[in-house]
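Enquirer: I'd like to ask you about the structure that follows.
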Amino acid sequence: MTGPRRTRGLAVAAALLLALTACTAGLGDVRLRIAAGNPGGVYDRLAQTLATAWQAGLGIERPQVLQTEGSPANVDKVLAGQADVAFVAADVAAERYQTNHSLAALARIHDDYLHIVVRAGSDIHSVAQLRGRRIAIGSPSSGVEFIADQLLRVAGLKDSVSTSARGLDNSIVALLHGDVDAFFWSGGLPTPLIADHNREHSLRLLDIAELMPKMQAISQVYGTATIPASTYDQLVPVTTLVVPNFLVVRREMSDDVAEALVRGLFDARPQLALANPAALSIDVHPGIETQPIPLHPGALRYYRAQKT
């Protein structure tokens, strides 16, 4: 290439380099805290990977990952200024947004599926039959506890069951030892701990199709989904509730920082998928679907540039 054509080509290349440099310029002084979840959980694993990716891709100090009990604590930390970015279940975020409109979303990330699990030989075959039983409802102040509370209320069981706050591992052990009759869990498909403990077909999932209209009346973010029988080697598929997860920030975050974080998120998809298979569903097109939480203007700028 010679003459005017070569000159134009060099000019275009220089313009592209300048644009890319401008995207991350000035971010070196940014310090971030990410509210994640329990050690080793999906939120924590994704947050650790994302922190490393943001450090490398944006040229910033590695963000601090805050280990928490889950979604309610995470969104509260962001709103209180104790965290800058949070992994949050959409139902929890939607409830908080009703009273505090300073919340904004960077992206929809992965979806979680509600599991209500009983022993394979149990006489419990419906949610209604949980009446009078002992139920583990997730860690204290977790997104699992939030959904369990909602579902037990719409089922009319809130005051007629005995509940205990337990993490997933503890819940499975308690169920298999007969210390509880059922447990709630919200997570990706398959959830490895549940799959691993079901190798001897000791666990069974409950179908909640009849309760979905009431659950969807509570929150617009709840969707209906099927857990295929093959997921946990069950006899039949079950209908359940699906809830998205969001990355959220405060609206006051600068547009440039928010845009850079969203770009870094999608650039890090291969690493995130290695950290946890739930991240395989992270994509630009569903990423904009964060209703009722509005997208941060910086995030919106990124999506518009991607023509989504």
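Enquirer: Quick one: P270 ticks every box in (1) open to solvent by less than 60 Å² (accessible area, probe 1.4 Å); (2) modelled with pLDDT of 95 or more; (3) under 26 Å from Q48 (Cβ atoms); (4) not β-branched (V, I, T) bar one, so which box is it?
Expert: If we test P270 against (1) open to solvent by less than 60 Å² (accessible area, probe 1.4 Å); (2) modelled with pLDDT of 95 or more; (3) under 26 Å from Q48 (Cβ atoms); (4) not β-branched (V, I, T), just (1) comes out false.
Enquirer: Could you check how many residues of the stretch 220-246 are open to solvent by 60 Å² or more (accessible area, probe 1.4 Å) and either among the hydrophobic types (A, V, I, L, M, F, W, C) or out of contact with any Pro (no Cβ under 6 Å at 6 or more places or on another chain) (or both)?
Expert: 6
Enquirer: Scan the stretch 193-210 residue by residue and report those that are at pLDDT 95 or above and buried (at least 19 other Cβ atoms within 10 Å of the Cβ).
Expert: Scanning the stretch 193-210 gives L203, R204, L205, L206, I208.
Enquirer: From the list A275, A260, A217, which one is at pLDDT 95 or above, surrounded by 15 or more Cβ atoms within 10 Å (Cβ to Cβ), out of contact with any strand residue (DSSP E or B) (no Cβ under 9 Å at 6 or more places or on another chain) and of a type in the set (G, A, S)? First the steps, then the outcome.
Expert: Details: A275 fails: at pLDDT 95 or above; A217 fails: surrounded by 15 or more Cβ atoms within 10 Å (Cβ to Cβ).
Of the residues listed, the single one that is at pLDDT 95 or above, surrounded by 15 or more Cβ atoms within 10 Å (Cβ to Cβ), out of contact with any strand residue (DSSP E or B) (no Cβ under 9 Å at 6 or more places or on another chain) and of a type in the set (G, A, S) is A260.
Enquirer: Of all residues in the stretch 71-93, count the ones that are within 17 Å of L50 (Cβ to Cβ), open to solvent by 10 Å² or more (accessible area, probe 1.4 Å) and assigned to a loop (DSSP other than H, G, I, E, B).
Expert: Residues that pass the stated criteria total 1.
Enquirer: Could you tell me which residue of the stretch 111-161 is modelled with the highest pLDDT, considering only residues that are among the basic types (K, R), surrounded by fewer than 17 Cβ atoms within 10 Å (Cβ to Cβ) and in a loop (DSSP other than H, G, I, E, B)? Explain how you work it out, then say what you get.
Expert: Restricting attention to the stretch 111-161, the residues satisfying the condition of being among the basic types (K, R) are 119, 131, 133-134, 153, 158.
In the following step, the residues that additionally are surrounded by fewer than 17 Cβ atoms within 10 Å (Cβ to Cβ) were identified as 119, 131, 153, 158.
Remaining after also requiring in a loop (DSSP other than H, G, I, E, B): 131, 158.
Working: R131: 98, K158: 95.
Here the answer is R131.
Enquirer: Counting only residues that are out of contact with any Lys or Arg (no Cβ under 8 Å at 6 or more places or on another chain), within 18 Å of E69 (Cβ to Cβ) and of a type outside the set (V, I, T), how many does the stretch 144-199 have?
Expert: Going through the stretch 144-199 one residue at a time, the tally reaches 16.
Enquirer: Here is a further query. Considering each residue of the stretch 281-301, count those that are over 21 Å from R31 (Cα atoms) and in contact (Cβ under 8 Å) with a residue 40 or more places away in the chain, and give that number.
Expert: Looking only at the stretch 281-301, we keep the residues that are over 21 Å from R31 (Cα atoms), and these are 281-295, 300-301.
Filter once more, so that each one left must be in contact (Cβ under 8 Å) with a residue 40 or more places away in the chain: 281-282, 286-295, 301.
Residues meeting the conditions: 13.
The values are calculated or read from the model by the stated rules, or taken from the named source; none is laboratory data. Not measured: the values here are computed from a predicted model. Heads up, the Cβs are rebuilt from the backbone with ideal geometry, glycines too, and the neighbour counts pull from every protein chain shown. Calculation scope for accessible area: heavy atoms of the full protein, side chains included, ligands and nucleic acids excluded. Shrake-Rupley method; radii C 1.70, N 1.55, O 1.52, S 1.80 Å.
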